[in-house]
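The structure appears right after this line, and notes come after that.
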Ligand SMILES: [Zn+2]
């Protein structure tokens with residue numbers, strides 16, 4: 001059995017079983033199969049949004065394009081300068097703009113290719129040149145926003161109209177004014193240097209001991225349980241003493257808005273921080289007139305005469 005197999009294989013009478021195959025007329029209907037191919041567009045380039053600086057992104061794309069170009073050239077013809085050249089940077093800029101346009105204007109580009117005029121860019125009369133939608137930049141792309149930041153910074157932090165003018169030498173930015181205005185509003189450098197109307201009175205900018213010039217105000221109400229369990233929360237307040245010079249703060253809990261409560265809090269404050277020279281407040285009724293006198297020329301300023 002092991003060496004020769006089953007006996008019927010050696011039998012002369014063995015007849016191979018022929019399977020019953022259906023005739024050609026009886027072939028059952030085969031269900032049609034539908035092949036679906038999903039085409040995915042690699043329209044997101046992580047390198048474009050990886051870096052905050054547009055110029056860095058531009059240099060990286062320029063190096064990538066140089067590598068691709070050098071791969072097709074002979075060794076002696078390859079570009080090996082240590083920095084990307086101006087034409088390389090311009091080419092990188094166009095590639096970046098093209099990639100951004102593919103992301104943001106894919107529908108419009110399809111309609112322009114089909115010769116349709118029912119898209120949102122029709123008023124700009126756009127046209128395609130080597131796959132690039134000439135001269136139009138989308139406003140919501142983070143890459144374009146980084147380009148706007150770079151344009152703003154490289155031109156000595158110029159204003160909205162100047163940024164738009166510089167940009168329009170090459171491109172037309174959609175919603176230009178509002179987009180650039182948002183960019184400049186978020187510029188920390190411009191914010192620091194912008195003239196602001198901060199109330200810088202002498203007692204806020206001259207050197208003084210801490211809590212010599214004090215502003216006082218209330219915060220609250222806050223609800224506090226006075227006893228341990230099942231107590232009804234009662235309204236309380238926080239009396240805030242702010243050093244007008246150093247912005248140091250001192251907090252005191254106050255039971256209510258009465259003059260007695262304020263005086264108790266003020267006494268605790270004086271015990272800890274010393275007697276202030278001047279106390280400024282919003283002239284609330286809880287501040288006692290016999291210890292704090294209203295200074296008429298200073299508006300909302302109170303001068304402290306407490307010991
Ligand atoms: Zn700026």
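The values are calculated or read from the model by the stated rules, or taken from the named source; none is laboratory data. Computed from a prediction, not measured in an experiment: that's the story for all the values here. Glycine gets a Cβ as well: all are built from the backbone with ideal geometry, and neighbour counts include every protein chain shown.
Within region 189-221, which residues are within 16 Å of the ligand (Cβ to nearest atom) and either assigned to a loop (DSSP other than H, G, I, E, B) or farther than 17 Å from residue 160 by Cβ (or both)?
Within region 189-221, 192, 194, 195, 196 meet the criteria.
So, residue 246, is that one modelled with pLDDT of 85 or more and in a loop (DSSP other than H, G, I, E, B) or not?
Details: modelled with pLDDT of 85 or more: yes; in a loop (DSSP other than H, G, I, E, B): yes.
For residue 246, the condition - modelled with pLDDT of 85 or more and in a loop (DSSP other than H, G, I, E, B) - is met.
Given the residues 254, 224, 242, which is the only one that is away from the ligand (no atom under 16 Å from the Cβ), more than 22 Å from residue 270 (Cα to Cα), without any contact (Cβ under 8 Å) to a residue 40 or more places away in the chain and touching a strand residue (DSSP E or B) at 6+ places or on another chain (Cβ under 6 Å)?
Step by step, each of 254, 224, 242 is checked, and only 224 is away from the ligand (no atom under 16 Å from the Cβ), more than 22 Å from residue 270 (Cα to Cα), without any contact (Cβ under 8 Å) to a residue 40 or more places away in the chain and touching a strand residue (DSSP E or B) at 6+ places or on another chain (Cβ under 6 Å).
Taking region 154-180, which residues are within 17 Å of residue 139 (Cα to Cα), in a loop (DSSP other than H, G, I, E, B) and within 23 Å of the chain's Cα centre (by Cα)?
Answer for region 154-180, where residues must be within 17 Å of residue 139 (Cα to Cα), in a loop (DSSP other than H, G, I, E, B) and within 23 Å of the chain's Cα centre (by Cα): 174, 175.
In region 129-150, what residues are out of contact with any strand residue (DSSP E or B) (no Cβ under 9 Å at 6 or more places or on another chain) and assigned to a loop (DSSP other than H, G, I, E, B)?
130, 131, 140, 141
What single numbered condition from (1) assigned to a helix (DSSP H, G or I); (2) buried (at least 17 other Cβ atoms within 10 Å of the Cβ); (3) at pLDDT below 90 fails to hold for residue 126?
(1)
Return the total of residues in region 257-275 being exposed (fewer than 14 other Cβ atoms within 10 Å of the Cβ) and within 46 Å of the chain's Cα centre (by Cα).
The qualifying residues number 2.
Could you list, in sequence order, the residues of region 176-188 that are more than 16 Å from the ligand (Cβ to nearest atom) and surrounded by 13 or more Cβ atoms within 10 Å (Cβ to Cβ)?
Within region 176-188, 176 is the sole residue that qualifies.
Residues are listed down the side, and each one gets a yes or a no for (1) under 20 Å from residue 154 (Cβ atoms); (2) part of a helix (DSSP H, G or I); (3) modelled with pLDDT under 80:
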residue: 12; (1), (2), (3): no, no, yes
residue: 21; (1), (2), (3): no, no, yes
residue: 31; (1), (2), (3): no, no, yes
residue: 70; (1), (2), (3): no, yes, no
residue: 82; (1), (2), (3): no, no, no
residue: 98; (1), (2), (3): no, yes, no
residue: 103; (1), (2), (3): no, yes, no
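Among all residue pairs at least 6 apart or on different chains, which show Cβ distances below 9 Å where the first residue, located in region 176-189, is within 14 Å of residue 157 (Cα to Cα) and the second is away from the ligand (no atom under 12 Å from the Cβ)?
180/161; 180/164; 180/167; 180/173; 182/145; 183/145
Suppose the filter is away from the ligand (no atom under 14 Å from the Cβ) and within 20 Å of residue 94 (Cβ to Cβ); does residue 143 pass it?
Yes, satisfied.
From the list 149, 160, 143, pick out the single residue that is free of Cβ contacts under 8 Å to residues at least 40 places away in the same chain and buried (at least 16 other Cβ atoms within 10 Å of the Cβ).
160
Can you tell which of 80, 136, 166 is away from the ligand (no atom under 16 Å from the Cβ), surrounded by 14 or more Cβ atoms within 10 Å (Cβ to Cβ) and on the phi < 0 side of the Ramachandran plot? Before the answer, list the steps.
Details: 80 fails: surrounded by 14 or more Cβ atoms within 10 Å (Cβ to Cβ); 166 fails: away from the ligand (no atom under 16 Å from the Cβ).
None of the others qualify; the one that does is 136.
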